1. Given springs between every Cα pair under 10 Å in a Gaussian network model of the chain, which of 314, 102, 215 has the largest fluctuation?
2. Just how far, in whole angstrom, is region 205-224 from region 104-133 if you go by their alpha carbon centroids?
3. Estimate the FRET efficiency between residue 166 and residue 22 by the formula 1/(1 + (r/R0)^6), using the beta-carbon distance for r and 41 Å for R0, to the nearest 0.05.
4. Rounded to whole Å and sorted largest first, list the principal axis extents of the Cα atoms in region 10-61.
5. Calculated FRET efficiency, residue 283 and residue 211, Cβ-Cβ r, R0 30 Å, to nearest 0.05?
6. Listed here are the pairs 177/253; 117/286; 68/268; 71/113; 177/239; 253/327; which of them are more than 26 Å apart at the Cα?
7. Rank by packing, highest mean first: peptides 189-201, 235-247, with packing defined as the count of other Cβ atoms within 10 Å averaged across residues.
8. In nm, to one decimal, how far is the residue 33 label point from the residue 315 one, both placed 7 Å along Cα→Cβ?
Amino acid sequence: MLKEGAGQDIRTIPSVVSGDPSDRRSIITAASIPAKKLGIKAATPVSMALRTFPNLVIVRGDFDWYRKCSKGFIAICRSYSPVLEQFSIDECFLDMTFRLFGKDPVSVATALKDEIKAKLGFTVNVGVGSNKLLAKMASDFEKPDKVHTLWTEEVREKMWPLGVRDLLWVGRKTEEKLLSYGIRTIGQLAQTDISYLRRIVGERGALQLHETSNGIDNSPVETEHPDAKSYSAERTFPKDLSEPKDIDRALFKVACIVCHRIRKDKVKASTVSIFIKFTDFSTLQKQCSLPQPTDITALILNAARGLLTEIWDGERPLRQVGLGLSKLSRDAAEQMSLFEDPKLDFYRKWDENYDKANSK
């Protein structure tokens, strides 16, 4: 039986958060520690979770409250370092390079998590690592209310014994491919010849898996001032869509809208982000950096399409798709290349015609 958790501390009992507690087709967006111990995890259908534990308490998510908590959480984190990159509604990276002189990193991390608990009333895990990848992996170790380290020299001991699905960015399909070739742990993956990996996941995937499984991540913590301008547009569908061609058409429309806006303001973007929302209101998002700043719709759309294939399985129905542009620069000069795409002139002309048609 589905039931709300009124009057109970749902953190202490087998409970989950779902978009619609009355709909068994809904997907679980969060699970309590007791629920996780029963094998119930986020992204599990409610119907499947109920077969595991019929007395499971299911509550509807309060997204306005989530956003309020998120703002408070980010504000506290930013007080520890202004070099902050928000990763999701409840995760961020902090670059503490210039804030830890003479201080113990674990002590600072513990103070941060304790302050969040005291002021906001919820617990967080803090991962401390040599780079963003390792910090994220460490934050997903044993929960709740813990501080974990994952330094480069600890990768073999702490990360390599984990299953390949525990590695950041490895999804279900990639896991299935790796398992079919007998690659079960992160350590096995790290020691697999990259030429062999290419045959399994392709050139780009092989390089990423090789680097991440060995704890390599050279990406900086990219921060913006809170009032820095970014551009985004989204499209909510009258009915849920699952056909790739329909999703692509919607992505094309939001790309046209947001690119028109940056051209109107005479800025170019270096970072493209995409987010998708499922029928249960759970979301996924991902971003990438462009080779150089641009305002060309076709180039931005192409990057967004690549991101979509990484976060959407091509089957699960969507209710919304959105596109964001950030890391903006004004009057950025474009680098000329001997191998420049001959279609760029066509793309620019298409944008010019679109802007004229939508100038009002």
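We did not get these values from a lab; they are worked out from the coordinates using the rules stated. Note that the structure is predicted; figures quoted are calculated from it, not measured. No Cβ is skipped: glycine too gets one built from the backbone with ideal geometry, and neighbour counts run over all protein chains shown.
1. The residue with the greatest mean-square fluctuation here is 102.
2. Here the answer is 22 Å between Cα centres.
3. After rounding to 0.05, the efficiency reads 0.80.
4. 23, 21, 18
5. 0.65
6. The answer is 177/253; 117/286; 68/268; 177/239.
7. Ranked by mean Cβ neighbours within 10 Å, highest first: 189-201, 235-247.
8. 3.5
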